[in-house]
Amino acid sequence: MSTILSSNILIWAIALIIGFPLLVIILGEIVHSLQKRGKPLAATLQVIRNLVLPVLVFLLFTQHILQLPPSDERLRSIQTLLWICIIHAALSLLNTVLFEQAKADTWRSKVPKLLIDLSRLFLVLLGTAIVLATVWKADLAGLVTALGVSSIVIGLALQDTLGSVMSGIALLFEQPFSVGDWLRVGNLVGQVIDINWRSVRLITLEKEMVIIPHKVIGAEVIRNFSRPQKIHAERIQIGFSYKNPPNLAKYVLRTTALETQGILLNPEPHIFTLSYDDSAITYEVKFFIEDYADLEEIRDRFMTRVWYAAQRNDLSIPFPIRTLYHFHGPTSRAEGSKKFAESLQSIPSFVPLEKSENPQMRSPDITLQHFGAGEKVMQQGYASNALYIVIAGQAVMSVKDKYGQEHEVLPIKAGEFFGEMTLFSGEPSTISVTAIEDLELMMISASEVNQMIDRQPSFSREISQVLEIRRRAVQSLKQETFTGI
């Protein structure tokens, strides 16, 4: 009998001594091969190699080499540890097969992480019950009764938290939003940065984090700015005077929106005549932006440019008050003429502009215009038949290459003029002029420039000299930048 027993021990010893290293090497090679191919199954095999296999060998060693009886607590402890490792490996394998290898747009790829965590917790509790019943011979009926009573007590104490968890599960099943979406919940607007068991975390435009329990967010109307499309439509209301024709006001607003950086050209902006109010005709501008996070900057950019566009087109933005008018002649025209007369003092001496003693008799071919920083006064590819003289501010002349990238040619300062390249040709402009700070310009039509040349022929030579200098600068830049010379 002792000989047979010794023989069995020897066989188990040889099997463990040879089999364990061999299995470790084989599993190691398989893991290395799977890792090189980027297969998620490698993580599960690592758990089997590093945890399950060593504990299993230790259990076989205690059972068949040390001959510990089944009732020994040390043996039961090793069996419990083995079950824990097996459960861990099984959950890792289940997660790998079902979810990590799931293809996009399948139900497995859309399962919420919270549901996966809850399923994992349920399987762990089930595995714990199996271990207690098989290894430790525990009475599960009594344990279940005790847990049932405890669950009632815990449920009553944590009913608000559990309510948030259940609401969270319902929300995650429905998936009305995900991390990265911009939401409006009640009066709160923010971007989702985390969805956990109990709450949703938002980061607001003021960079403040707000935590909203699932129970609260489940009872609110949720507005998702990122779905079904990421683009967002913004509406802004602006009022202009009753003296301004609606079609002109709508044209100016639409043009300003199209030229504002960040506003999409497709879908294009829409302008609506909204209502006739006490002090103004109210228009609504509807434009689209690509990312809701940029809303404040784009809205500020657009509203700033509206003022300059309104000034250039003689559109009045009235105060929201009731005003009593006493008519004593053309007051507004006199004020405009006064401002025009003041601007005449800033005209360079080489410009033969006729300065009338009566400023109200100024030519309709000469107007004052204002441009805000970043606005284009002239655009490459578009015709212009006017000469612009800079009264105040600064601009830059640029040329766009075949890739659409702009290159600076020359700065244009106060006292200088531009527009001479297309003044009489009627051809599209080969350059762009952009305001780099607020600009006040005097725009002189081609017919008025002709009269100025008749009065002072030397002004034509001045224009020709500036034209030649700028043409050379443009050609030099094109040779250096566009051809790489």
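Count, please, the residues in segment 427-477 that happen to be among the aliphatic types (A, V, I, L, M), within 39 Å of the chain's Cα centre (by Cα) and within 21 Å of Gln369 (Cβ to Cβ). So the count comes out to 6. Highlighted here are the helices (runs of 4 or more DSSP H) found entirely within segment 1-63 that include at least 3 residues which are at pLDDT below 85: 2-36. Evaluation of Tyr283 against the conditions (1) more than 24 Å from Leu183 (Cα to Cα); (2) part of a loop (DSSP other than H, G, I, E, B); (3) at pLDDT 90 or above shows that the sole unmet condition is (2).
Taking the stated definitions as given, is Pro246 more than 29 Å from Thr367 (Cα to Cα) and in contact with a strand residue (DSSP E or B) (Cβ under 6 Å, 6 or more places away or on another chain)? In short, no. With respect to the conditions (1) surrounded by fewer than 20 Cβ atoms within 10 Å (Cβ to Cβ); (2) under 22 Å from Leu258 (Cα atoms), Val433 lacks only one, and its number is (1).
For segment 55-77, a residue qualifies if it is within 17 Å of His88 (Cα to Cα) and surrounded by 15 or more Cβ atoms within 10 Å (Cβ to Cβ), and the qualifying residues are Val55, Leu56. If only residues of segment 385-401 that are among the small types (Gly, Ala, Ser) and farther than 16 Å from Ile463 by Cα are counted, the one that is surrounded by the most Cβ atoms within 10 Å (Cβ to Cβ) is Ala395.
Considering Glu268, Glu220, which residue is surrounded by fewer than 15 Cβ atoms within 10 Å (Cβ to Cβ), in a loop (DSSP other than H, G, I, E, B), under 25 Å from the mean Cα position of the chain (by Cα) and outside the structural domain of Arg201 (by TED's automatic domain parsing)? Going through Glu268, Glu220 in turn, the sole match is Glu268.
What number of residues within segment 287-304 satisfy the criterion of being in contact with a His (Cβ under 9 Å, 6 or more places away or on another chain) and surrounded by 15 or more Cβ atoms within 10 Å (Cβ to Cβ)?
Start the filter on segment 287-304 by keeping residues that are in contact with a His (Cβ under 9 Å, 6 or more places away or on another chain), which leaves 287-292, 295.
This time we only want the ones that are surrounded by 15 or more Cβ atoms within 10 Å (Cβ to Cβ), so: 287-289, 292, 295.
Residues meeting the conditions: 5.
On the stretch given as segment 99-131, residues that are at pLDDT below 75 and in a helix (DSSP H, G or I) total 11.
When segment 220-246 is limited to residues that are in contact (Cβ under 8 Å) with a residue 40 or more places away in the chain and aliphatic (A, V, I, L, M), the one that is farthest from Tyr276 (Cα to Cα) turns out to be Ile222.
When we screen Ser279, Ser226, Ser275, Ser241 for residues that are farther than 26 Å from Ala435 by Cα and crowded, with 16+ Cβ neighbours inside 10 Å, the only hit is Ser226. Considering only residues in segment 22-55 that are touching a residue at least 40 places away in the same chain (Cβ under 8 Å) and aliphatic (A, V, I, L, M), the one that is farthest from Ile84 (Cα to Cα) turns out to be Leu41.
The values are calculated or read from the model by the stated rules, or taken from the named source; none is laboratory data. As the structure is a computational prediction, the values presented were derived from the model and not from experiment. Cβ sites come from the backbone with ideal geometry, for glycine too, and all protein chains shown count toward neighbours.
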